[in-house]
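Presented below is the structure to which this report refers.
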2 protein chains.
Amino acid sequence: MLTQFRFDLHATDGAARLGIVHTAHGPMDTPAFMPVGTAGTVKAMLPQSVAATGAQTILGNTYHLMLRPGAERIGRLGGLHEFMQWKGPILTDSGGFQVMSLAKLRKMTEEGVAFQSHIDGSKHLLTPERSMQIQHLLDADITMAFDECTPFPATPEQAAQSMRLSMRWAKRSKDAFVERPGYGLFGIVQGGIYQDLRQESANALQGIGFDGYAVGGLAVGEGQELMFSTLDFTTPLLPTDRPRYLMGVGKPSDIVGAVLRGIDMFDCVMPTRSGRTAQGFTRRGTVNLRNARHQDDPRPLDEHCACPACRQYSRAYLHHLIRSEEILGPMLLTWHNIQFYQDVMKGLRQAIGEGRVQDFARDFLATEALGDIEPI
Amino acid sequence: MLTQFRFDLHATDGAARLGIVHTAHGPMDTPAFMPVGTAGTVKAMLPQSVAATGAQTILGNTYHLMLRPGAERIGRLGGLHEFMQWKGPILTDSGGFQVMSLAKLRKMTEEGVAFQSHIDGSKHLLTPERSMQIQHLLDADITMAFDECTPFPATPEQAAQSMRLSMRWAKRSKDAFVERPGYGLFGIVQGGIYQDLRQESANALQGIGFDGYAVGGLAVGEGQELMFSTLDFTTPLLPTDRPRYLMGVGKPSDIVGAVLRGIDMFDCVMPTRSGRTAQGFTRRGTVNLRNARHQDDPRPLDEHCACPACRQYSRAYLHHLIRSEEILGPMLLTWHNIQFYQDVMKGLRQAIGEGRVQDFARDFLATEALGDIEPI
């Protein structure tokens, strides 16, 4: 019997929600953090190691994959799950965000975005219809509607114009999306920091009807305070029986704050990218392992962490790997950072289930503010 | 009860030998290939993944480790096994080879080699006594005597002068080596391609007395034919009750040929380095996975291989990772290459035990000569 795409809401604690998204490739417990696997790999990680952290869903990038190795090629090879050997759910973005940030010689029209590849200069056209086709070829469990990420800052007029284009593209995305059991399509609420525009966008999307709703256009430089205040009036606009996804967020404290405001799903390159730049997340904030103060430190990066980097290795060794530019450095730090993010999500889920998410959040932020342990 | 360092010879097949080297950190079945962990990591590999290939011993480089992070530091942190979390035996080289190939402003005297670090220009002196001290701090199960690797080509006079210096250094190494149960010291036979010099060197070393004997000064550009002919007259000079180690070798066919000539131990950067340059070893020769002919190929790199890269992934995916410069590319290819080398060694050991090593070698070389499978 085929799984239907659905969201089960199991508990709430204030605005925070505990639930499960069911997909063709299995369940995702929410609130969930989805590691980013941009080009068909969560960088520096074996997929079984990603799964071992507790991560259930990963994200793939339509823009990168359409350019290299190509969506049709991945389709011929059996889809992205088979290609990269990720057994769980995959969410793909629409390509809309990255085509604007990475591609060259972009030209945006009502039809879509014409651009040249940043890799080889080849010409492409990305439209709502093509984005749906690509995500179908990739076999994404969760497909994102094609949209324009409204820049920040934007005037109300700019934000409105951009949002309304995204709403027309959302309708075209829905029309082009091929429905299959266990596969879902998410709409993306735009409207910048303007409540009336967010309301208009949320209404428009619910009129079309989606399997989940993302909040787009945040984490683009507006800062945590403005992000939270925008969430404060945006999440109540979304239906309670569908998952809510805050795209591209974020720092651990961003995620904790957004969960308190009713968000269920997150993705961000921060844990993986930080793992390649010597930054380790700990319960007492981030630690730069390149710093010479770690060179004789036999202690683990985070004594509370169960990842291989923390179970097995000293800070001195991680520091040595980074200074020596050894590949094992990014491998271990990325693993740790993904584990850390998954542990935060697990803690949030447990706290929501037990009705103590406010306490959890307060303790988390207080501990994070302590700063790293004293050097030995 | 403490393990004594010893070599048990279990079977011979012509000159080829099947045995076990027992060390403080466990046994090593021979013939053995020891992956190189230059700077305290087998590049791009978790140590448990290295062990999963069947590798029992890895090699550490005295030159690299003395410069960064420093031998005294590793000693304070519990030795190299603890530092890098390698549970099995570790062999360290003496630093003699790399100080001549990597260091700057070298000055060689009877005392040793004064040099500047290629990393930060710091000044160092490497002598037989200091090399023994460093390898002791690293806690190497197998310590190599400090020697000069005679360059190729060298005149008989140059080779004799270099070899005799190495023999004086071998005596000083033996005198400075701290004996402990389960820890062994190997002498290194030099003498270039000259039989009388190899004889003189082998005699000198056996007069001093070592736990194993290495053949040095090969794989330095002389070619396989000259290497084999040198082994033909050198290995018979070595005692049968001690392991024999051919340093820095080599290609799979080099190893197969050297095992036929009585060598027990090997190390080489080839499988790891090739893993970072898109070269995959297969039973039908090496394959360059950067080549576009792999881009749509759903088949594994080597269908006979049990490593994760071959069990899980297509050539198309490996090709994509390499083209995209994803870290997972070197991770998977290195794993495969080490597995391939270990599989060759396992095949050699089984064949020796069954008295069919000549057949094994002939089949291996014939299959390797076939070249890669046809593109689909």
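The values are calculated or read from the model by the stated rules, or taken from the named source; none is laboratory data. Keep in mind the model is a prediction, meaning the values are calculated, not measured. Backbone-built Cβ (ideal geometry, glycine too); neighbour counts: all protein chains shown.
Things worth noting here:
- Matching residues, the stretch A:234-250, being in contact with a helix residue (DSSP H, G or I) (Cβ under 8 Å, 6 or more places away or on another chain) and either crowded, with 16+ Cβ neighbours inside 10 Å or at pLDDT below 95 (or both): A:T234, A:L237, A:L238, A:R244, A:L246, A:M247, A:G248, A:V249, A:G250
- Which numbered condition A:G250 fails, given (1) within 19 Å of the chain's Cα centre (by Cα); (2) free of Cβ contacts under 8 Å to residues at least 40 places away in the same chain; (3) within 14 Å of chain B (Cβ to nearest Cβ): (3)
- The residue pairs whose first member lies in the stretch A:69-89 and is farther than 18 Å from B:R323 by Cα and in contact (Cβ under 8 Å) with a residue 24 or more places away in the chain, whose second member is in a helix (DSSP H, G or I) and of a type in the set (A, V, I, L, M, F, W, C), and whose beta carbons are closer than 7 Å, counting only pairs six or more residues apart or on different chains, are A:G75/A:L137; A:G79/A:L138; A:G88/A:A51.
Yes/no matrix, rows are residues, columns are (1) surrounded by 24 or more Cβ atoms within 10 Å (Cβ to Cβ); (2) over 14 Å from A:A140 (Cβ atoms); (3) at pLDDT 95 or above; (4) touching a helix residue (DSSP H, G or I) at 6+ places or on another chain (Cβ under 6 Å):
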position	(1), (2), (3), (4)
A:H25	no, no, yes, no
A:T30	yes, yes, yes, no
A:T41	yes, yes, yes, yes
A:A44	yes, yes, yes, yes
A:Q48	no, yes, yes, no
A:A51	no, yes, yes, no
A:A55	yes, yes, yes, yes
A:H64	no, no, yes, no
A:L77	no, yes, yes, yes
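- Conditions (1) closer than 30 Å to B:T234 by Cα; (2) outside the structural domain of B:V42 (by the TED database): number failed by B:V287: (1)
- Some residue of the stretch B:348-371 being in contact with a Gly (Cβ under 8 Å, 6 or more places away or on another chain), assigned to a loop (DSSP other than H, G, I, E, B) and over 16 Å from B:G54 (Cα atoms): yes
- For B:M167, the criteria (1) modelled with pLDDT of 95 or more; (2) closer than 23 Å to B:L246 by Cα; (3) touching a helix residue (DSSP H, G or I) at 6+ places or on another chain (Cβ under 7 Å); (4) outside any helix (DSSP H, G or I) hold in every case but one, which is (4).
- The test for being outside the structural domain of B:N337 (by the TED database), among the hydrophobic types (A, V, I, L, M, F, W, C) and either on the phi > 0 side of the Ramachandran plot or in a loop (DSSP other than H, G, I, E, B) (or both) does not hold for B:A202.
- Candidates are the residues of the stretch A:281-300 that are under 21 Å from A:G250 (Cα atoms) and in contact with a Phe, Trp or Tyr (Cβ under 9 Å, 6 or more places away or on another chain); the one that is farthest from the other protein chains (Cβ to nearest Cβ) is A:R283.
- Filtered by the rule that a residue be in contact (Cβ under 8 Å) with a residue 12 or more places away in the chain and under 16 Å from A:A15 (Cβ atoms), the stretch A:355-376 gives A:G355, A:R356, A:V357, A:Q358, A:F360, A:A361.
- Answer residue from the stretch A:303-340, given it is more than 24 Å from the chain's Cα centre (by Cα) and more than 13 Å from chain B (Cβ to nearest Cβ) and is surrounded by the most Cβ atoms within 10 Å (Cβ to Cβ) among those: A:H304
- The condition (being farther than 28 Å from A:T38 by Cβ and in a loop (DSSP other than H, G, I, E, B)) is satisfied by just one residue among A:P236, A:P300: A:P300.
- Within the stretch A:118-164, the set of residues being part of a helix (DSSP H, G or I), among the hydroxyl-bearing types (S, T, Y) and over 20 Å from A:G212 (Cβ atoms) comprises A:S162 only.
- Of all residues in the stretch B:25-50, those being touching a residue at least 12 places away in the same chain (Cβ under 8 Å), out of contact with any strand residue (DSSP E or B) (no Cβ under 9 Å at 6 or more places or on another chain) and among the aliphatic types (A, V, I, L, M) number 1.
- In the stretch A:153-179, the residues that are surrounded by fewer than 16 Cβ atoms within 10 Å (Cβ to Cβ) and among the hydrophobic types (A, V, I, L, M, F, W, C): A:V178
- Enumeration of residues in the stretch B:276-297 that are touching a Lys or Arg at 6+ places or on another chain (Cβ under 8 Å) and part of a helix (DSSP H, G or I): B:H294
- Residue list for the stretch B:341-358, filter: polar (S, T, N, Q) and either surrounded by 21 or more Cβ atoms within 10 Å (Cβ to Cβ) or in contact with a His (Cβ under 9 Å, 6 or more places away or on another chain) (or both): B:Q342
- The number of residues in the stretch A:7-21 that are touching a residue at least 24 places away in the same chain (Cβ under 8 Å) and either buried (at least 19 other Cβ atoms within 10 Å of the Cβ) or charged (D, E, K, R) (or both) comes to 7.
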